[in-house]
Amino acid sequence: QVQPVESGGGLVQAGASLRLSCAASVPTFTSYAMGWFRQAPGKEREFVAGISWSGTSKIYSDSVRGRFTISRDNDKMMVYLQMNNLEPEDTAVYYCAARWGQYGSRRDGDYDAWGQGTQVTVSS
């Protein structure tokens, strides 16, 4: 059973960059598509980015497309979210999620396992 573990959150100023990491050590890692979601205070959890099990297919929300990049290293069983040009509106707890199957999904209900989350705070 995959259990994602996020790291890399922190407090940064607007315009800065951060890279989130997600460790998902499981022998069947390449059978999972992976995704990143976030939840801001008082708001519902929202999709950020998803990546296929091979890493060749990626999807993004409109709010982060062009600023964030999702990637994965199947040898290390890691998923990353490179976040550039951060905005105060990006402040949220970021969650890594695993989905058994080839492609990522924008729907959180399609994911099978979730990490505990890592806080990202962007000051103006």
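Here are the numbers for the structure shown:
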{"read-out": "Rounded accessible area per residue of the chain, 1.4 Å, Å²", "value": "50"}
{"read-out": "Integer Hz, Karplus 6.51/-1.76/1.60 couplings in order for segment 82-94, x for Gly and Pro", "value": "7, 10, 10, 6, 5, 10, x, 5, 7, 4, 4, 8, 9"}
{"read-out": "Neighbour net charge for V93 - beta-carbon separation under 13 angstrom, K R +1, D E -1", "value": "-1"}
{"read-out": "Protein accessible area in the chain, 1.4 Å probe - carbon and sulfur %", "value": "46"}
{"read-out": "Gain upon complete extension [S7, N85; 0.36 nm per residue less C-alpha separation]", "value": "26.2 nm"}
{"read-out": "In sequence order, calculated HN-Hα J values of segment 111-121 (Karplus, 6.51, -1.76, 1.60; Hz; x Gly/Pro)", "value": "9, 9, 8, 10, x, 7, x, 9, 7, 10, 10"}
{"read-out": "Two-decimal ratio, segment 1-88, of alpha-carbon radius of gyration to 2.2 N^0.38 Å", "value": "1.09"}
{"read-out": "Estimated FRET transfer efficiency when R0 is 35 angstrom, pair S31-T121 (beta carbons, to 0.05)", "value": "0.55"}
{"read-out": "Neighbour cut-off at most 10 other Cβ (10 Å), DSSP loop, GluC sites (Glu not before Pro), segment 1-101", "value": "E44"}
{"read-out": "Low-density loop positions, trypsin sites (Lys or Arg not before Pro), segment 22-64 - DSSP coil, at most 11 other Cβ in 10 Å", "value": "K43"}
{"read-out": "Relative contact order (%) - criterion: Cα under 8 Å, at least six apart; region: the chain", "value": "37"}
{"read-out": "In sequence order, calculated HN-Hα J values of segment 66-78 (Karplus, 6.51, -1.76, 1.60; Hz; x Gly/Pro)", "value": "x, 10, 10, 9, 9, 8, 8, 10, 5, 5, 8, 6, 10"}
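The values are calculated or read from the model by the stated rules, or taken from the named source; none is laboratory data. None of these values were measured; they are calculated from a predicted model. Don't worry about glycine lacking a Cβ; one is built from the backbone with ideal geometry, like all the others, and counts go over all protein chains shown. Accessible surface is based on the protein model in full, side chains and every heavy atom, while ligands, DNA and RNA are left aside. Shrake-Rupley method; radii C 1.70, N 1.55, O 1.52, S 1.80 Å.
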